[in-house]
1. Keeping all protein chains in place, calculate the accessible area per residue for the stretch 4-54 (probe 1.4 angstrom), answer in Å².
2. Which value does Rg/Rh take for the chain over its C-alpha atoms, Rh per Kirkwood?
3. Expressed as a whole percentage, what fraction of the accessible surface of the chain belongs to carbon and sulfur atoms when a 1.4 Å probe is rolled over the protein heavy atoms?
4. Where Rh is the Kirkwood radius over the Cα pairs of the stretch 38-92, the temperature 10 °C and the viscosity 1.306 mPa s, what D in µm²/s does Stokes-Einstein return?
5. To test your reading of the geometry: what angle, between 0 and 90 degrees and rounded to tens, separates the Cα axis of helix 64-87 from the longest principal axis of the chain?
6. Does anyone have the angle between helix 34-51 and the longest principal axis of the chain? Alpha-carbon axes, 0 to 90°, nearest 10?
7. Round to the nearest 0.05 the FRET efficiency obtained for M18 and L54 when R0 = 22 Å and r is the Cβ-Cβ distance.
8. Kirkwood hydrodynamic radius of the stretch 1-50 from all distinct Cα pairs, in Å?
Amino acid sequence: MTSVKLYLTIWGWLAGLMLLGVVLSELHLIPLSLRQVVLIVTLLSTIKAVLVALYYMHLKADRRLLVLVALFPFVLILLALGVIFSSTLVRL
């Protein structure tokens, strides 16, 4: 029964983070620039992906090498975001 409670808790967090991302991107209740909204929604999506990978894909119990292989795309995403956001600093 504990695993059902854990899965429902994770599901609640995923739903809440998704709702927060939709509210930030669609309703404009908080005065943020587009860049800030994109960054926040990207961070929320990363948190959701980590929760799914750890609990629903059961990577929490796997060996460390498999976890490193699974987390490698996140490193690529961070590098891509760094390139995207750094290009706004340099005006050609």
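1. I get 71 Å² per residue for this part.
2. Here the Rg-to-Rh quotient is 1.07.
3. Of the solvent-accessible surface of the chain, carbon and sulfur hold 76 percent.
4. 125 µm²/s
5. Helix 64-87 sits at roughly 10 degrees to that axis.
6. Approximately 10 degrees, to the nearest 10.
7. 0.80
8. 11.8 Å
The values are calculated or read from the model by the stated rules, or taken from the named source; none is laboratory data. Everything numeric here is computed off the predicted structure, so don't read it as measured data. Reconstructed Cβ throughout: ideal geometry from the backbone, glycine too, with neighbour counts over all protein chains shown. These accessible areas exclude ligands, DNA and RNA; they are computed on the full protein's heavy atoms, side chains included. Shrake-Rupley method; radii C 1.70, N 1.55, O 1.52, S 1.80 Å.
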